[in-house]
Each structure stands twice: as C-alpha cells, then as structure tokens.
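Here is the structure we will look at, set down as structure tokens.
The values are calculated or read from the model by the stated rules, or taken from the named source; none is laboratory data. These figures come from a predicted structure and were not determined experimentally. With ideal geometry, Cβ positions are generated from the backbone for all residues, glycine too; neighbour counts draw on all protein chains shown. In case anyone asks, the SASA skips ligands and DNA or RNA and just uses the protein heavy atoms, side chains included. Shrake-Rupley method; radii C 1.70, N 1.55, O 1.52, S 1.80 Å.
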Amino acid sequence: MGMGSDMYRQQILDHYKNPRNYGEMENPTFSHVGENPSCGDTIKVDVRLEDDGETIEYVSFTGDGCAISQASASLLSEKLQGTTLDELEAMDTDDVTEMLGVDISPMRIKCAVLARQVAQDGAKLHEGELDDLDRTVTEE
C-alpha cells in the first residue's frame, strides 16, 4: 500500500474523530436504526427528503462503533445529499469501499456497509417496501 492508501486512512480517522452530520435531526422524513451484532456497531440514520419526495436533502446519523463504521456513516451522510432514493437503493458494497478508499478485510466489511444498509432499509420502510423492522442486521 502506497501513499494514497495512507491518505485514505487519514481521511477515515478524520471522519471518525470529527464526524460530519453527526446528531439527531429534527423532523426527519424517515429514520432507521441498525446494528452489526458481530461487533456491536449501532447506527441511526435520519433522512430528510426534498419536496419532490425522492431527492435526499439532508442526512444525519448517531451511533457507536469502530472507526470504520463511524467514518463510513460520516462519509455516506455527505455523499447522499442531493442523490435520489433510487440512487441510494442502487448503492452496493463496492460503492462503500470505493468511498472509503482502502481495502476492507472480510471481517470488517459488515462495519463498513452498516450505514448504507440502515439508510437503504429506512428508505424501503418509508416507501412501504418492507415491514417494520426492529433493527438492521448486516448479512454481507
């Protein structure tokens, strides 16, 4: 791993220590909580949609967990603003690892994708595509 990898590691540490969009949102369009039971990471994602009901205006999150899960949630909260629910739904594991910019071990991939899965499940619940869930459990 070269200097580029070190830059991304620094970005992850920065987002972990200084998370963007961290905190409870007043009057979100939808919220959802999920956890990764294998390591105890928990994330709540709040999303506010624009008037069109499709475009994500703002995302915030709260939670506890490892540097990878919290940095991923912080980065995702920035990336999702201005995207649509369809674009959120289309996000996959590769999109998350590309956003993080470092290779993620198979043991840590659940940490990395937790925020994305929570946001996707929250959107599906909002749109009536899923029954109410108590929590998201990552299965990747």
key: Matching residues in segment 1-56 - criterion: being free of Cβ contacts under 8 Å to residues at least 60 places away in the same chain, touching a helix residue (DSSP H, G or I) at 6+ places or on another chain (Cβ under 6 Å) and not hydrophobic (A, V, I, L, M, F, W, C)   = TYR16, PRO19, ARG20, ASN21, GLU54
request  = Return a yes/no flag: does segment 21-40 have any residue that is part of a strand (DSSP E or B), on the phi > 0 side of the Ramachandran plot and either modelled with pLDDT under 95 or within 12 Å of the chain's Cα centre (by Cα) (or both).
outcome  = no
Test: residue in segment 2-17 that is under 19 Å from LEU85 (Cβ atoms) and under 16 Å from the mean Cα position of the chain (by Cα) = no
query = Considering only segment 1-12, how many residues are of a type outside the set (Val, Ile, Thr) and either open to solvent by less than 70 Å² (accessible area, probe 1.4 Å) or assigned to a loop (DSSP other than H, G, I, E, B) (or both)?
reply = 5
ask   = Looking at segment 26-58, which of the residues that are farther than 14 Å from GLN81 by Cα and aliphatic (A, V, I, L, M) is surrounded by the most Cβ atoms within 10 Å (Cβ to Cβ)?
value = ILE43
Unmet criterion (only one of (1) at pLDDT below 95; (2) open to solvent by 30 Å² or more (accessible area, probe 1.4 Å); (3) of a type in the set (A, V, I, L, M)) for ALA90 = (1)
key: Residue in segment 51-68 that is under 22 Å from LEU125 (Cα atoms), of a type in the set (Ser, Thr, Tyr), in contact with a Lys or Arg (Cβ under 6 Å, 6 or more places away or on another chain) and modelled with pLDDT of 95 or more present   = yes
request  = State the number of residues belonging to segment 73-95 that are within 11 Å of ALA119 (Cβ to Cβ), part of a helix (DSSP H, G or I) and not charged (D, E, K, R).
outcome  = 6
remark   = When segment 108-140 is checked residue by residue, the ones that are modelled with pLDDT under 90 and assigned to a loop (DSSP other than H, G, I, E, B) are GLU129, LEU130, ASP131, ASP132, LEU133, ASP134, ARG135, THR138, GLU139, GLU140
message = I'm checking my understanding of the structure. Among residues of segment 100-130 that are within 21 Å of SER60 (Cβ to Cβ) and among the basic types (Lys, Arg), which one is least open to solvent (accessible area, probe 1.4 Å)?
response = ARG116
note = Across segment 29-71, the tally of residues that are over 21 Å from ASP131 (Cα atoms) and of a type in the set (A, V, I, L, M, F, W, C) stands at 8
